[in-house]
Amino acid sequence: MIVQDRYTSTVRQAQETWSGLLESVLDNQQKAFGHSVSPFGLVNPSAAIDQVFDLWTKTLEVQREAAKTLVGVTVTVGETLRTQAQSVGEMVREQTESANRVAREQVDAVKQAAEEQAVRKYADLTKAELQDALDRRDLPKTGNVDELRARLIEDDQK
């Protein structure tokens, strides 16, 4: 139920209550005095109308201020959340970049160690031994010793 519906329902209930109260007063007056007296002789209708509208005006003012306060709080909370989200995003970005940098350094170190190991593996082999190793792998056997070693190292890294 929205605020306007609740407000309308409350106003209707108040009207029904006042109507019932007025009927009750008139019934009691008739029973007590034997005749009916006009309720408007006791109450100034203009004053009653003014009081009702004054009440509605005050109620609307309170609702307006409550709505403004709620919006103000909502905006403040939204700004705070946005600032915190940006801060978290920046921290995550920095940590990701740092982790990527460390991972690249580790990969480079592993590659370098593997290359050094491969170079050592074939460093003491003669040209004929290198050609035999290439032949077992169905790779070309032509070229100088450095080219043969490079071909074997490249094949090892695949």
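If you filter segment 4-32 down to residues that are of a type outside the set (D, E) and surrounded by fewer than 10 Cβ atoms within 10 Å (Cβ to Cβ), you find that the one that is farthest from P45 (Cα to Cα) is Q4. What is the one condition in (1) touching a Leu at 6+ places or on another chain (Cβ under 6 Å); (2) in contact (Cβ under 8 Å) with a residue 24 or more places away in the chain that E115 does not satisfy? All conditions pass for E115, except number (1). A residue that is among the acidic types (D, E), out of contact with any Phe, Trp or Tyr (no Cβ under 6 Å at 6 or more places or on another chain), assigned to a helix (DSSP H, G or I) and farther than 23 Å from K158 by Cα occurs somewhere in segment 91-98.
Bear in mind that the values in this text are calculations on the coordinates, not laboratory data. Note that this is a predicted model, so its numbers are computed, not measured. We place every Cβ from the backbone using ideal geometry, glycine too, and count neighbours over all the protein chains shown.
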